[in-house]
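Some notes on the structure that comes next.
The values are calculated or read from the model by the stated rules, or taken from the named source; none is laboratory data. In this text the structure is predicted, and so the values were computed from the model without any measurement. FYI the Cβ positions are ideal-geometry reconstructions off the backbone, even for glycines, and counts take in every protein chain you see. Areas reflect the complete protein model, heavy atoms only, side chains present, ligands, DNA and RNA absent. Shrake-Rupley method; radii C 1.70, N 1.55, O 1.52, S 1.80 Å.
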Amino acid sequence: MNDREQRTLAQLHLRFPGQHISADGLKLIHRGRFANAHVYRYRKGALDLIVKDFSHCPWWIRLSAGPYFVHRELRTLDRLRGLPGVASRRFRLSAIALAYPFMPGQPLSAVRRAAGTLPASFFRNLETLVLKMHERGIVHLDMRNLSNVLVGTDGQPYLIDFQSAIDLHGLPNLLSTVLESVDLSGVYKSWLRVGAEPLDQARLEFLDRFNELRRLWVFRGYPLTRLFERIRDALGL
């Protein structure tokens, strides 16, 4: 176990003083590169958490983008609290680390790899979840990544990883509509790829129109991460 993971355990101990925190409960499930978080699962006793930690990043990311990403995701989860399909709680572990309850399920990317299919009702429920999220003034912006949508053990859709999320409040209506369309295109893209039933004509036409405009879109994935990568490459770091 490295120093970063030991610090993570110490942070969990401080945040959950009534729990017995031990090293065998911590497992790295995704190794983030450059300005993306390492993602851990901590599972021991009454705790089953996802931990996102930026402490492996270069020092200038730890002092800039890391705290920004953590603050934004915590704030987003606060705005969505109580919405079924989104983590019900969140915990700040440090300026560059956060945790939230693990949500059991299978990502849509795994369903696709297994050549599985899902009923249209799943995607209609996902569409409803996204629309309710928009009603609270939040767009996800990374739902076209099928790993960020889970099929829960109850068969319902769940959303994870709000690192790219944006608060719509104060934005012009036209821009808000465009941003909301990004999320809906993710719903329809996943429906098209792993749905047992075809998209209806209206949704298919929406997706086709969006894909025509997508090449002009600048907010795909993690835009700040890509900016930092360009800076890193330019500096030869």
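Considering only alpha-carbon pairs that sit under 8 angstrom and 6 or more positions apart, the relative contact order computed for the stretch 23-92 is 19 percent. Along the chain, the longest continuous region that contains none of the trypsin sites (Lys or Arg not before Pro) in a DSSP loop with at most 15 other C-beta atoms within 10 Å is 90-219. Rg and Dmax of the stretch 1-159, both derived from C-alpha coordinates alone, stand at 16.4, 46 Å.
Basic side chains Lys and Arg get +1 at the Cβ, acidic Asp and Glu get -1 at the Cβ, and with that the dipole of the chain about its Cα centre reaches some 560 debye. With respect to the chain, whose longest principal axis is taken over its alpha-carbon atoms, helix 173-194 is tilted by about 90°.
Identify all lysines with a Cα-Cα distance to K44 below 25 Å; exclude those on the same chain that are fewer than 8 residues away in sequence. The reachable lysines, counting only those whose Cα sits under 25 Å from K44, are K27, K52. Protein heavy-atom accessible surface, 1.4 Å probe, per residue over the chain: 51 Å².
Angle check, please: helix 201-213 long axis (alpha carbons) against the longest principal axis of the chain (alpha carbons), in degrees 0 to 90, nearest 10. Helix 201-213 and the main axis of the chain meet at about 60 degrees.
Taking the accessible area of the chain, probe 1.4 Å, and keeping the other protein chains in place, the carbon and sulfur fraction comes to 54%.
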